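What follows is a set of notes on a single structure, which appears directly below.
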Amino acid sequence: MDHHVDLDLLADPEFAPHQLMNALFAKLHRALVAQGSTDIGVSFPGVEPKAPHLGHRLRLHGNQAALKALMTTSWLTGMRDHVEQGAVTAVPTDAKHRVVRRVQVQSNTERLRRRLMRRQGLDPQAALARIPDAAAEWLDLPYVTLRSTSTGQSFPLYIDHGPLLPSPLPGPFNAYGLSPTATVPWF
């Protein structure tokens, strides 16, 4: 994690910044899946901890070769008019570190009810009585809204920026560029 590249959203009168970030993050996810990458992490500099959206900047972290390999693919097709891409640059030597991780909650009550009906043989009314819409969990964390390629359902992917740490913690990143244990540089 000695290099980074910044992707800054450009102002657009037709799309709100959070819509552009959702699209950019979805494209990044597909690119990381296609590459099978576990060595690229993400962060969102400038995001407020309890803001609902992730701001205007997506920062990719990794070694120079991994970032250059990703940035030479066509994953930004369709977003180039909406994003200003920085150069692959060395991380400042005085950077702190933090874990940027996904936090999951049970927010889709319909899915929970279908699962309950399948597992316990309940009818829809009984499942609704046991899992009302008010049972949905929501977090006070920023998120992107993504669409599952397998189910077609939209879901919020909540992102937590952990506390600042003095030294890096190594580990793999998932196909969202997030990790429950590995850190990315923070500056």
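The values are calculated or read from the model by the stated rules, or taken from the named source; none is laboratory data. Note that the structure is predicted; figures quoted are calculated from it, not measured. Cβ sites come from the backbone with ideal geometry, for glycine too, and all protein chains shown count toward neighbours. Remember, those area values only see protein heavy atoms, side chains included, never the ligands or the DNA or RNA. Shrake-Rupley method; radii C 1.70, N 1.55, O 1.52, S 1.80 Å.
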### Message
Quick check on the stretch 98-117. Is at least one of its residues under 20 Å from Leu58 (Cβ atoms), modelled with pLDDT of 95 or more and open to solvent by 60 Å² or more (accessible area, probe 1.4 Å)?
### Response
yes
#### Entry: Flag if Asp6 is surrounded by 14 or more Cβ atoms within 10 Å (Cβ to Cβ), of a type outside the set (S, T, N, Q), over 16 Å from Leu146 (Cβ atoms) and in contact with a Lys or Arg (Cβ under 9 Å, 6 or more places away or on another chain)
yes
### Task
Taking only the stretch 48-97 into account, find how many residues are part of a strand (DSSP E or B) and open to solvent by less than 70 Å² (accessible area, probe 1.4 Å).
9
### Message
List pairs: first residue in the stretch 129-158 and in a strand (DSSP E or B) and basic (Lys, Arg), second residue at pLDDT below 85 and open to solvent by 50 Å² or more (accessible area, probe 1.4 Å) anywhere in the structure, Cβ distance under 8 angstrom, at least six positions apart or on different chains.
### Response
Arg147/Gln153
### Task
State all residues of the stretch 33-55 that are over 17 Å from Trp186 (Cβ atoms) and touching a Leu at 6+ places or on another chain (Cβ under 8 Å); if no residue qualifies, say none.
Gln35, Ser37, Lys50
## Note on the structure
Of the conditions (1) under 13 Å from the mean Cα position of the chain (by Cα); (2) modelled with pLDDT under 95; (3) within 29 Å of Ser167 (Cβ to Cβ); (4) not aromatic (Phe, Trp, Tyr), the single one that Glu48 does not satisfy is (1)
### Message
Testing Ala175 on (1) over 15 Å from Ser43 (Cα atoms); (2) out of contact with any Phe, Trp or Tyr (no Cβ under 6 Å at 6 or more places or on another chain); (3) part of a loop (DSSP other than H, G, I, E, B), one condition comes back false. Which one is that?
### Response
(1)
### Task
Write out, first by first residue and then by second, each pair whose Cβ atoms fall under 8 Å of each other, whose residues are 6+ apart or on separate chains, and whose first residue, in the stretch 53-81, is farther than 21 Å from Ser179 by Cα while the second is open to solvent by less than 20 Å² (accessible area, probe 1.4 Å) and part of a helix (DSSP H, G or I).
His56/Met21; Thr73/Ala31; Trp75/Leu28; Trp75/Ala31; Met79/Leu20; Met79/Leu24
### Message
It is to be established whether one or more residues within the stretch 33-44 are buried (at least 18 other Cβ atoms within 10 Å of the Cβ) and assigned to a helix (DSSP H, G or I).
### Response
no
### Selected residue (criterion: farthest from the chain's Cα centre (by Cα)) from residues of the stretch 124-163 that are open to solvent by 90 Å² or more (accessible area, probe 1.4 Å) and either of a type in the set (Lys, Arg) or closer than 25 Å to Arg57 by Cβ (or both)
Arg130
